[in-house]
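Down below is the structure, laid out as structure tokens.
The values are calculated or read from the model by the stated rules, or taken from the named source; none is laboratory data. Owing to the predicted nature of the structure, the values given are computational and were not obtained by experimental measurement. So basically every Cβ, Gly included, is an ideal-geometry build from the backbone, and we count neighbours across all protein chains shown.
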Amino acid sequence: MKLFENLILPNGSIIPNRIGKAAMEENLADSNHLPADELFKLYDSWAKGGAGLIITGNVMIDRRAMTGPAGVVLEDDKYLDSFKKWAEIIKSNGAQAWMQINHPGRQMPVNMGQPTIAPSAISIQLGAASKAFGVPREMTIEEIEEVIERFVNTATLAEKAGFTGVEIHAAHGYLISQFLSPLTNKRTDQWGGSAENRSRFLFEVVERVRSKVSKSFAVAVKLNSADFQRGGFSPEDAKEVVKKLNDLEVDLVEVSGGSYEAPAMMGKARDERSLAREAYFLEFAKEIAAVAKMPIMVTGGVRRKEVAENVVSSGVDVVGIATALAINPSIPNDWKLGNSKDNTPSLRPITWSNKALASMANMAMVKYQFNRMIKGKKTVPNISPLKAFIIDRMNAYRNTKLYKKWLVQKN
Ligand SMILES: Cc1cc2nc3c(=O)[nH]c(=O)nc-3n(C[C@H](O)[C@H](O)[C@H](O)COP(=O)(O)O)c2cc1C
């Protein structure tokens, strides 16, 4: 399979090439937590850059449960015009526009000031940084039902706004991933215990979303290949989940891995089966592709054309790219046209020993590039991690204050 060939999804729609812009939380929503000018400019660059599939950063299904400040929230149709404009821009060059939808569960910063809910009352263990997250309360059965319906609500609103699909975020230690993992789900009711019970929440979300959106609307899932923690969600668990998803009309599964506690998605996967630094989940993705009926996308560490070609010629259908597209949004076009400039975009390596802080600094360096792109300036992949980190923390501080004010007004 070639990078610039079409992919026909199970729902019959077409992704015009095999390069997917993976979800990156932008923290760039306006003061009403809506997509606005900054996000429009950013996504215009990606649309023009030629990726066949563009997945938004995670959009929150509940304004009280945020992965971070200045996140986009989609709960009702009051401001759907902003979302319509966003979808239009993403689709303007022929790409599929998928909205990633998410609930953080216990991975919500405590300074957002909201009660934290999770499958079980188990706190994040990040050494001194653990204090940055609240102690979660175990969700009631009613809350579980409510959150499932919120995923459905946001998915149907995304379709109304003109998005061509949603990606349900079941990876990276957020709420659905917390249900899936035996380390974070100690429930003794039908939502916990056996692998079947732990995956019930994901299956309910997928089934109910599928039943409420059009046949031609894509429903995708981002799934961990593993938690990369002893006793956690394993590669075997991931394969079993995908086998079950085969029966639920899922259009694509994106393979990733890790959580805040073990940030493997940022390239620190330490497993003998992970490739050293590039396409580091490829081996897992190939195994998953072998049992999957739907197309598979793998994301993590891809920044060279040869690696991307290797991914799509190895039985994996779509290559997901995040960081490199934040440095050069035109990678797909450059690769297609054989342009040599900037075709291996990489950030300055981070040598910090604290994995959690290094992962935050890495995200901050990427978000620094977003702001350059918005201003129409050249990106600066060599930005100092410390400088980017400090800027990001200052933005987070300001945006958290604005969020709290907004919430009071909303309520
Ligand atoms: C700034 C930033 C924000 C991210 N936000 C999200 C997100 O909202 N949802 C998600 O599934 N992954 C998110 N990720 C992870 C990426 O989708 C991707 O899995 C990871 O960066 C590895 O791919 P890469 O090596 O191409 O960057 C984020 C990554 C970065 C750098």
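Filter the stretch 385-411 down to the residues that are free of Cβ contacts under 8 Å to residues at least 12 places away in the same chain and of a type in the set (A, V, I, L, M, F, W, C), then identify the one that is surrounded by the most Cβ atoms within 10 Å (Cβ to Cβ). It comes out as Ile390. Test Asp44 against the criterion of being surrounded by fewer than 24 Cβ atoms within 10 Å (Cβ to Cβ), among the acidic types (Asp, Glu) and more than 25 Å from Ser177 (Cβ to Cβ), and give yes or no. Spelling it out, Asp44 is indeed surrounded by fewer than 24 Cβ atoms within 10 Å (Cβ to Cβ), among the acidic types (Asp, Glu) and more than 25 Å from Ser177 (Cβ to Cβ). When the stretch 329-342 is limited to residues that are buried (at least 24 other Cβ atoms within 10 Å of the Cβ) and not aliphatic (A, V, I, L, M), the one that is nearest to Phe370 (Cα to Cα) turns out to be Pro329. Just wondering, is there one or more residues in the stretch 39-47 that are within 16 Å of the ligand (Cβ to nearest atom), part of a strand (DSSP E or B), under 22 Å from Trp335 (Cα atoms) and free of Cβ contacts under 8 Å to residues at least 60 places away in the same chain? No, there is no match, as no residue in the stretch 39-47 is within 16 Å of the ligand (Cβ to nearest atom), part of a strand (DSSP E or B), under 22 Å from Trp335 (Cα atoms) and free of Cβ contacts under 8 Å to residues at least 60 places away in the same chain. Checking the stretch 264-274 against the condition returns a match, with at least one residue being at positive phi, within 16 Å of the ligand (Cβ to nearest atom) and not charged (D, E, K, R).
Close contacts from the stretch 145-174, counting a first residue that is within 16 Å of the ligand (Cβ to nearest atom) and a second that is modelled with pLDDT under 95 and not in a strand (DSSP E or B), with Cβ to Cβ under 6 Å and a gap of 6+ residues or different chains, come to His172/Ser259; His172/Met265; Gly173/Ser259; Gly173/Tyr260.
Among the residues making up the stretch 169-209, those that are of a type in the set (A, V, I, L, M) and buried (at least 22 other Cβ atoms within 10 Å of the Cβ) are Ala170, Ala171, Leu175, Ile176, Leu180, Leu202, Val205, Val206, Val209.
Selection within the stretch 314-354: residues that are in a loop (DSSP other than H, G, I, E, B) and touching a Gly at 6+ places or on another chain (Cβ under 9 Å). The member of this set that is farthest from the ligand (Cβ to nearest atom) is Asn354.
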